[in-house]
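These notes concern the structure reproduced below.
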Amino acid sequence: MEKKEILIVDDDIVTLSMLKTTLAGAGYEVLTASNGLEAIRLSKEHLPFLIILDIMMPDIDGGEVAGNLKKDPKTKDIPIIFLSSLISENEQKADHRKDFVSLLAKPYNRTKLLDEIRKYYYGTDSRKLD
Amino acid sequence: MIKTGSDVTARKKGRDPLGENEKRYRELWDYAPFANHLLDTKGIVVEVNQTEADMLGYTKAEILGKPIFEFILPEQRIGDQERFQQRISGQRVPKVENRIFVRKDGSKIFADIFDVLERDGQGKIIGVRATMVDITGRKQAEEKTKTSEKVFRMTFEHAPDAYFLCDLKGRFFDVNRMAQEMMGYEREELMGKSLLELKIFSGDHLIKFISILAKNALGKTTGPDEFILQRKEGNHIPVEMRTHQVNINNMPMLLGIARDISERQRAQEVLQLSNERYQALFDRSLDCVYIHDFEGNFLDANAAAMNLLGYEKADILRLNFASLMAEDQLPLVGRALEELKETGTQLSSSEFRLRRKDGLYVDVETKASIICRDGRPYAVQGIGRDITERKRAQKQLEESLEKLGRLLNGTIQAMALMVEKRDPYTAGHQKRVSELALAMAAEMALPSDQIEEIGIAAVIHDIGKISIPSEVLCRPGRLEDCELSLLKEHSKIGYEILKEIEFLGPIAQIVYQHHERIDGSGYPQGLAGEEILMGARILGVADVVEAMVSHRPHRPAHTIEKALEEISQNKGIRYDPASVEACIRLFTERSFKFKII
């Protein structure tokens, strides 16, 4: 487990910088994209180990970005955490990790987000990274 | 100012200003935009204005002095009387809404009532004054809304598709029966929960649904999109889903409509399977399969067809069926198309000669039928088979049969010659008899194969003489009895020689019977009438006539007249009448002459 690069995608620059701070602080390398097209391009170029993806974005929405990446054998197994205000607290509980998909509500809970990333990083609930 | 002026005028005139005002007040009250009445402590109407009288459809006189309860709907009457008693005794009672009055014409009106207690100078309750507002119009509108809501509710509930209302975050607000059935959850389990929460979608379908959430949040309509939905029990069904943003009580909501498409998908699968099967047959068939429109323009053709005609697929799609054919074949196409239009399927196959790309011709046997699209005939599909080889083989067979025929003919000629070489006096006799017998058979209009067999039999009818000693055959003068009986053996011997040969007709039998006579006086079997073959009857006549007009060692030649006299005298006795008549006609009317001398 060497690659610690995470791509964060959000059209809101405030969310983007907050996420970047959180993740960099936790020791991850962070890539950012502010729209869907950029997200797809960066994913294919960098093959990050995980993507945090907003849903409501102009032009190409998060669902479409994910759909595109899932069609490409190179990127189809990159875990995607959808982070959106469209997702409710209760919906976060639905476990889709076998499809490499997680749902998190926005505004996000820092601990919960880092936990979710760790689950993908280690494949377990362990918290060795910190 | 005017009012003051008029007041002054009224005072000046010395009239009672109070009485005037009272009257004006009465008029105002009478025609106020609300109904008003005063009841005494027993509920009897003691005052009523014109508006109320109009509202109830009675005259004021008809109302005055009657209890107000008489005008109230019987079902409400008792309740209203109780309320009135409580009111009059000073108790607090709720406001009256939706009081229903029955008008004089029987129709109902709805009214809201505002009432106050009427007291005398000492504060004692002396009655109730009430103002009523007609709310019938509003009530009816409400009823109408309720009804249309009921209708909508029913339509929603019993729709054949799953309908669900969600807030913009996808949480269920309402679902119909089909939606519950489709997802396998009860309404109560769904309320307030969302599709994401219930894990209705997973994998690619989850991601697709997330995209729909994004579009809905922006107020966009989506669909139809196909999803695989996971039911509560865990099984999956394919659905087609659309979503629309709607306003319910000024709140933006999502109306989702989902349809179970399992049946449709199954039908599509069956269709696809049958398409695949057809395609496999089309591609791999050894026979040509082609489709052309009703003008003959090719729409498709399989590999076998391309191979047969030597064209590439792109070439053939630019060609017309008729352009591959020689001019003289075009009417055949027209006929085949006509048959198709009448029957839909050709009953018998057609044969065409088609030109390949390299200019060579191929013979093709085809059978076509009309194919339909959306229930309408749109093209002709034909199956063609290369029959060039079969045609060639057929021609070869015909040729070899002809060759065989020539060979047989040659053999017969050789056999005839063999006899004639040993019997110089009868040299050419058989050929001439054959010539006459053929002409007679033709004159009698016999079938051509029968004519042919008579010709063959005639040319070798004396073959049996090969076993008769030359001395007997060649000796001039009358023959001894024993010699004569030896000579008579030749018919039987001829039969013995020929019977093993596989002729097409009864050649051997005709030879056997050519000396039989219809009266039974002939030999060797003494057959009579119809027992003797037609060929033998004709041959018998031809043999006698030819023999008589020929020179013989024991006598000179007779004239043809003498010969015809002989046969006509014995017509119907020794000789077959039809044969005799034909023979006579030949010589007298058709001027028959022996060509062979």
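Tell me, yes or no, whether segment B:216-226 has at least one residue that is touching a Lys or Arg at 6+ places or on another chain (Cβ under 7 Å), away from chain A (no Cβ under 13 Å) and either of a type in the set (D, E, K, R) or surrounded by 15 or more Cβ atoms within 10 Å (Cβ to Cβ) (or both). Give the steps one after another, and end with the answer.
If we filter segment B:216-226 for residues that are touching a Lys or Arg at 6+ places or on another chain (Cβ under 7 Å), which is where we start, we get B:222-225.
When the remaining residues are screened for being away from chain A (no Cβ under 13 Å), the result is B:223-224.
Keeping just the survivors that are either of a type in the set (D, E, K, R) or surrounded by 15 or more Cβ atoms within 10 Å (Cβ to Cβ) (or both) gives B:223.
Yes, that holds for at least one residue.
Do we have any residue at all in segment B:386-408 that's under 53 Å from the mean Cα position of the chain (by Cα), closer than 30 Å to B:Gly310 by Cα and not in a helix (DSSP H, G or I)?
Within segment B:386-408, one or more residues are under 53 Å from the mean Cα position of the chain (by Cα), closer than 30 Å to B:Gly310 by Cα and not in a helix (DSSP H, G or I).
Looking only at segment B:315-351, how many residues end up being assigned to a helix (DSSP H, G or I) and not β-branched (Val, Ile, Thr)? Quick ask: steps written out before the conclusion?
Looking only at segment B:315-351, we keep the residues that are assigned to a helix (DSSP H, G or I), and these are B:315-316, B:321-324, B:327-343.
Now restrict to residues that are not β-branched (Val, Ile, Thr): B:315, B:321-324, B:327-332, B:334-342.
Count: 20.
Condition test on B:Ile63, is it at pLDDT 90 or above and aliphatic (A, V, I, L, M)?
Values: at pLDDT 90 or above: yes; aliphatic (A, V, I, L, M): yes.
Against the criterion (at pLDDT 90 or above and aliphatic (A, V, I, L, M)), B:Ile63 qualifies.
Would you mind stating whether B:Phe294 is surrounded by 20 or more Cβ atoms within 10 Å (Cβ to Cβ), over 30 Å from B:Gly170 (Cα atoms) and either out of contact with any Pro (no Cβ under 6 Å at 6 or more places or on another chain) or assigned by TED's automatic domain parsing to the domain that holds B:Leu324 (or both)?
Working: surrounded by 20 or more Cβ atoms within 10 Å (Cβ to Cβ): no; over 30 Å from B:Gly170 (Cα atoms): yes; either out of contact with any Pro (no Cβ under 6 Å at 6 or more places or on another chain) or assigned by TED's automatic domain parsing to the domain that holds B:Leu324 (or both): yes.
It is false that B:Phe294 is surrounded by 20 or more Cβ atoms within 10 Å (Cβ to Cβ), over 30 Å from B:Gly170 (Cα atoms) and either out of contact with any Pro (no Cβ under 6 Å at 6 or more places or on another chain) or assigned by TED's automatic domain parsing to the domain that holds B:Leu324 (or both).
Inspect segment B:230-244 for any residue being touching a Pro at 6+ places or on another chain (Cβ under 7 Å), assigned to a helix (DSSP H, G or I), more than 30 Å from B:Ala336 (Cα to Cα) and more than 14 Å from every other protein chain (Cβ to nearest Cβ) and give the result as yes or no.
Checking segment B:230-244: not a single residue is touching a Pro at 6+ places or on another chain (Cβ under 7 Å), assigned to a helix (DSSP H, G or I), more than 30 Å from B:Ala336 (Cα to Cα) and more than 14 Å from every other protein chain (Cβ to nearest Cβ).
Pairs only if they're at least six apart or on different chains, beta carbon under 7 angstrom, first in segment B:198-211 and hydroxyl-bearing (Ser, Thr, Tyr), second modelled with pLDDT of 90 or more and in a helix (DSSP H, G or I); list them, first residue then second.
The qualifying pairs are B:Ser211/A:Gly63; B:Ser211/A:Glu64; B:Ser211/A:Gly67.
List the residue pairs whose Cβ atoms are under 8 Å apart, where the first residue sits in segment B:453-475 and is assigned to a helix (DSSP H, G or I), the second is aromatic (Phe, Trp, Tyr) and at pLDDT 85 or above, and the two are 6 or more positions apart or on different chains.
As it stands, the answer is B:Gly464/B:Tyr495, since those pairs meet every condition given.
Identify all residues within segment B:339-359 that are out of contact with any Phe, Trp or Tyr (no Cβ under 8 Å at 6 or more places or on another chain), of a type in the set (A, V, I, L, M, F, W, C) and in contact (Cβ under 8 Å) with a residue 24 or more places away in the chain; write none if there are none.
Listed by number, the residues that qualify are B:Leu340, B:Phe352.
Restricting to segment B:190-215, name every residue that is surrounded by 15 or more Cβ atoms within 10 Å (Cβ to Cβ) and either over 28 Å from A:Pro73 (Cβ atoms) or of a type in the set (S, T, N, Q) (or both).
Passing the criteria: B:Leu190, B:Lys193, B:Ser194, B:Leu195, B:Glu197, B:Leu198, B:Ser202, B:Ser211.
For segment B:20-46, name all the residues that are acidic (Asp, Glu) and either free of Cβ contacts under 8 Å to residues at least 60 places away in the same chain or exposed (fewer than 13 other Cβ atoms within 10 Å of the Cβ) (or both).
Start the filter on segment B:20-46 by keeping residues that are acidic (Asp, Glu), which leaves B:20, B:22, B:27, B:30, B:40.
Across segment B:20-46, the qualifying residues are B:Glu20, B:Glu22, B:Glu27, B:Asp30.
Residues B:Gln245, B:Gln265: which one is farther than 28 Å from B:Ile370 by Cα, surrounded by 13 or more Cβ atoms within 10 Å (Cβ to Cβ) and under 27 Å from the mean Cα position of the chain (by Cα)? Steps first, answer last, please.
On the way: B:Gln245 fails: under 27 Å from the mean Cα position of the chain (by Cα).
None of the other options fit; the residue is B:Gln265.
Looking at segment A:87-94, is at least one residue within 14 Å of chain B (Cβ to nearest Cβ) and aliphatic (A, V, I, L, M)? So that I can check it myself, show each step before the final result.
Start the filter on segment A:87-94 by keeping residues that are within 14 Å of chain B (Cβ to nearest Cβ), which leaves A:87-94.
Subsequent filtering for residues that are aliphatic (A, V, I, L, M) retains A:87, A:94.
Within segment A:87-94, one or more residues are within 14 Å of chain B (Cβ to nearest Cβ) and aliphatic (A, V, I, L, M).
Any residue at all in segment A:98-107 that's within 22 Å of B:Asp225 (Cβ to Cβ), among the small types (Gly, Ala, Ser) and touching a strand residue (DSSP E or B) at 6+ places or on another chain (Cβ under 9 Å)? First the steps, then the outcome.
We begin by selecting, within segment A:98-107, every residue within 22 Å of B:Asp225 (Cβ to Cβ); these are A:99-101, A:103.
When the remaining residues are screened for being among the small types (Gly, Ala, Ser), the result is none.
No, that holds for no residue.
For the structure I just gave you, tell me whether B:Gly505 is surrounded by fewer than 16 Cβ atoms within 10 Å (Cβ to Cβ), of a type outside the set (S, T, N, Q) and in a loop (DSSP other than H, G, I, E, B). Spell out how you get there, then give the answer.
On the way: surrounded by fewer than 16 Cβ atoms within 10 Å (Cβ to Cβ): no; of a type outside the set (S, T, N, Q): yes; in a loop (DSSP other than H, G, I, E, B): yes.
Judged against the criteria, B:Gly505 is not a match.
Can you find a residue in segment B:325-342 that is assigned by TED's automatic domain parsing to the domain that holds B:Gly296, within 29 Å of the chain's Cα centre (by Cα) and at positive phi?
So far as segment B:325-342 goes, no, none of its residues is assigned by TED's automatic domain parsing to the domain that holds B:Gly296, within 29 Å of the chain's Cα centre (by Cα) and at positive phi.
Evaluate the following for B:Glu233: is it in contact with a helix residue (DSSP H, G or I) (Cβ under 9 Å, 6 or more places away or on another chain), surrounded by fewer than 20 Cβ atoms within 10 Å (Cβ to Cβ) and of a type outside the set (Lys, Arg)?
Working: in contact with a helix residue (DSSP H, G or I) (Cβ under 9 Å, 6 or more places away or on another chain): no; surrounded by fewer than 20 Cβ atoms within 10 Å (Cβ to Cβ): yes; of a type outside the set (Lys, Arg): yes.
So B:Glu233 does not fit the description; no.
Are any of the residues in segment B:448-467 among the β-branched types (Val, Ile, Thr) and touching an Asp or Glu at 6+ places or on another chain (Cβ under 7 Å)?
In the first step, residues of segment B:448-467 are kept if they are among the β-branched types (Val, Ile, Thr); the result is B:451, B:454, B:456, B:459-460, B:463, B:466.
This time we only want the ones that are touching an Asp or Glu at 6+ places or on another chain (Cβ under 7 Å), so: none.
No, because not a single residue in segment B:448-467 is among the β-branched types (Val, Ile, Thr) and touching an Asp or Glu at 6+ places or on another chain (Cβ under 7 Å).
Can you tell me which residue within segment A:40-66, out of those that are under 23 Å from A:Asn109 (Cα atoms) and within 8 Å of another protein chain (Cβ to nearest Cβ), is surrounded by the fewest Cβ atoms within 10 Å (Cβ to Cβ)? Full working, then the answer.
Applying the first criterion (under 23 Å from A:Asn109 (Cα atoms)) to segment A:40-66 yields A:48-57, A:61-63, A:66.
Filter once more, so that each one left must be within 8 Å of another protein chain (Cβ to nearest Cβ): A:55-57, A:61-63, A:66.
Details: A:Ile55: 25, A:Met56: 21, A:Met57: 24, A:Asp61: 25, A:Gly62: 29, A:Gly63: 24, A:Ala66: 31.
Looking at residues that are under 23 Å from A:Asn109 (Cα atoms) and within 8 Å of another protein chain (Cβ to nearest Cβ), I get A:Met56.
Count, please, the residues in segment A:74-93 that happen to be among the aliphatic types (A, V, I, L, M), in contact (Cβ under 8 Å) with a residue 40 or more places away in the chain and part of a loop (DSSP other than H, G, I, E, B).
In the first step, residues of segment A:74-93 are kept if they are among the aliphatic types (A, V, I, L, M); the result is A:78, A:80-81, A:83, A:86-87.
Adding the requirement that they be in contact (Cβ under 8 Å) with a residue 40 or more places away in the chain leaves A:83.
Next, only the ones that are part of a loop (DSSP other than H, G, I, E, B) stay: none.
Adding up the residues that qualify gives 0.
Would you check which residues across segment B:196-211 are among the aliphatic types (A, V, I, L, M), within 44 Å of the chain's Cα centre (by Cα) and more than 7 Å from every other protein chain (Cβ to nearest Cβ) and list them? Show your work before the answer.
Applying the first criterion (among the aliphatic types (A, V, I, L, M)) to segment B:196-211 yields B:196, B:198, B:200, B:206-207, B:210.
Narrowing the set further to residues that are within 44 Å of the chain's Cα centre (by Cα) leaves B:200, B:206.
Result: B:Ile200, single match.
Condition test on B:Val151, is it aliphatic (A, V, I, L, M), farther than 25 Å from A:Ser85 by Cα and surrounded by 21 or more Cβ atoms within 10 Å (Cβ to Cβ)?
Taking the combined requirement at face value, the residue does not satisfy it.
I need a count of the residues in segment B:298-322 that are in contact (Cβ under 8 Å) with a residue 24 or more places away in the chain and of a type outside the set (A, V, I, L, M, F, W, C).
Adding up the residues that qualify gives 4.
Which residues, counting only those in segment B:349-369, are crowded, with 18+ Cβ neighbours inside 10 Å and either outside the structural domain of B:Glu338 (by TED's automatic domain parsing) or under 22 Å from the mean Cα position of the chain (by Cα) (or both)?
B:Ala368 - this is the single residue of segment B:349-369 that is crowded, with 18+ Cβ neighbours inside 10 Å and either outside the structural domain of B:Glu338 (by TED's automatic domain parsing) or under 22 Å from the mean Cα position of the chain (by Cα) (or both).
From the list A:Ile60, A:Ile117, A:Ile40, pick out the single residue that is of a type in the set (Val, Ile, Thr) and more than 15 Å from the chain's Cα centre (by Cα). Give the derivation first.
Details: A:Ile117 fails: more than 15 Å from the chain's Cα centre (by Cα); A:Ile40 fails: more than 15 Å from the chain's Cα centre (by Cα).
When all the criteria are applied, what remains is A:Ile60.
The values are calculated or read from the model by the stated rules, or taken from the named source; none is laboratory data. The shown structure was predicted, so the numbers you read here are calculated from the model rather than taken from an experiment. So basically every Cβ, Gly included, is an ideal-geometry build from the backbone, and we count neighbours across all protein chains shown.
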